[in-house]
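The values are calculated or read from the model by the stated rules, or taken from the named source; none is laboratory data. Note that this is a predicted model, so its numbers are computed, not measured. A quick note on method: Cβ atoms are made from the backbone with ideal geometry, for glycine too, and the neighbour counts reach across all protein chains shown.
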Amino acid sequence: MSALTGTNFEAQFAALIFAMLRIGAAFMVAPVFSAVGLPLIVRIGLSAAIGFIVIGSAGATAPADPLSPAALVFAFQEIALGLAMGLILQVAFAAPLVAGDYIANSMGLGFASMVNPQMGVNSPVLAQFLMIFTVLVFLGVDGHLILIQALVDSYVVLPIMGDWLTPQLGYDVAMFGSIMFRAGLMIALPVGFALFAINIVIGFMTRSAPQLNIFAIGLPITLLSGTALLAILFPGMASMFEDVVGEGLDAVQALSNGRL
């Protein structure tokens, strides 16, 4: 890579800015990188460092006139692709939140919530636990490195000034959102179905014996049963978390190759 000095400084600087658009947009929404506790300056610095790599390895270039209407269209295209790659992983990470929210409400823990450090909003503590476990799985399989590698590789197949942004690509990204509900249901199904059956039994008990207080009896039973079921079934649920993370990473790599 030629040094950013001399007559080519403006061209190299414009190329760096355009390279950072895709990377920075992905880091704004991708799990771990978009965490509220991660300073913005760190994301900018990491985007710039990866941008230098992209300029050297993929030979990324910027439009001749960075302020022209055509350049603005290319800039929007870069931001859209970065957001799509980060959103795919964020959708995959939303599946444990959906599962945790359903299980927590079934157990009677829906009222116990805290601030989610990933998104900055309140969510049930059980959903927080499942999210933390998913983050550990993501880091354990080097998901953050796979995301960075996919971003760098995408500049070869999907160059900055390419015409690869099609309605079909946007449709495929949108349809990937179904994984959030499908995977969330699969994760929550074992514990959720058992708790649903327990709630039916409690309903029959209180119906046959109206003097029984459903709140005094039902809440302790569902809470203890849910905790025991989670302890028993969690080893089997762990493989589902790995599948969700793996499917999200596979989709990101497929998108970096121009398909999904």
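For the reader, a short list of remarks on this structure follows.
- Among the residues of region 109-136, those identified as modelled with pLDDT of 75 or more and surrounded by fewer than 18 Cβ atoms within 10 Å (Cβ to Cβ) are Val125, Phe129, Ile132, Phe133, Leu136.
- Members of region 71-103 found to be in contact with a Gly (Cβ under 6 Å, 6 or more places away or on another chain) and among the aromatic types (Phe, Trp, Tyr), listed by number: Tyr102
- Count - residues of region 51-60 that are more than 18 Å from Gln253 (Cα to Cα), aliphatic (A, V, I, L, M) and either assigned to a loop (DSSP other than H, G, I, E, B) or touching a Pro at 6+ places or on another chain (Cβ under 7 Å) (or both): 1
- Any hit, region 173-181, residues being loosely packed, with under 11 Cβ neighbours inside 10 Å and closer than 20 Å to Asp101 by Cα: yes
Residue by residue, here is whether (1) under 21 Å from Ala254 (Cβ atoms); (2) at pLDDT 85 or above; (3) not in a loop (DSSP other than H, G, I, E, B) holds:
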{"residue": "Ala62", "(1), (2), (3)": "no, no, no"}
{"residue": "Leu67", "(1), (2), (3)": "no, no, no"}
{"residue": "Phe76", "(1), (2), (3)": "no, yes, yes"}
{"residue": "Leu81", "(1), (2), (3)": "yes, yes, yes"}
{"residue": "Leu97", "(1), (2), (3)": "no, no, yes"}
{"residue": "Ala104", "(1), (2), (3)": "no, no, yes"}
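- From the list Ala64, Ala71, the lone residue that is in contact with a helix residue (DSSP H, G or I) (Cβ under 9 Å, 6 or more places away or on another chain) and surrounded by 13 or more Cβ atoms within 10 Å (Cβ to Cβ) is Ala71.
- Selection status of Leu195, touching a residue at least 40 places away in the same chain (Cβ under 8 Å), assigned to a helix (DSSP H, G or I), at negative phi and over 23 Å from the mean Cα position of the chain (by Cα): yes
- Screening Gly56 against (1) closer than 26 Å to Phe241 by Cα; (2) over 19 Å from the mean Cα position of the chain (by Cα) leaves a single unmet condition, (1).
- Close contacts from region 239-255, counting a first residue that is of a type in the set (Asp, Glu) and a second that is assigned to a helix (DSSP H, G or I) and modelled with pLDDT of 85 or more, with Cβ to Cβ under 6 Å and a gap of 6+ residues or different chains, come to Glu242/Val137.
- Of all residues in region 198-246, exactly one satisfies the criterion of being surrounded by 12 or more Cβ atoms within 10 Å (Cβ to Cβ), among the hydroxyl-bearing types (Ser, Thr, Tyr) and more than 37 Å from the chain's Cα centre (by Cα), namely Thr206.
- Residues in region 206-224 that are hydrophobic (A, V, I, L, M, F, W, C) and at pLDDT 80 or above: Ile221, Leu223, Leu224.
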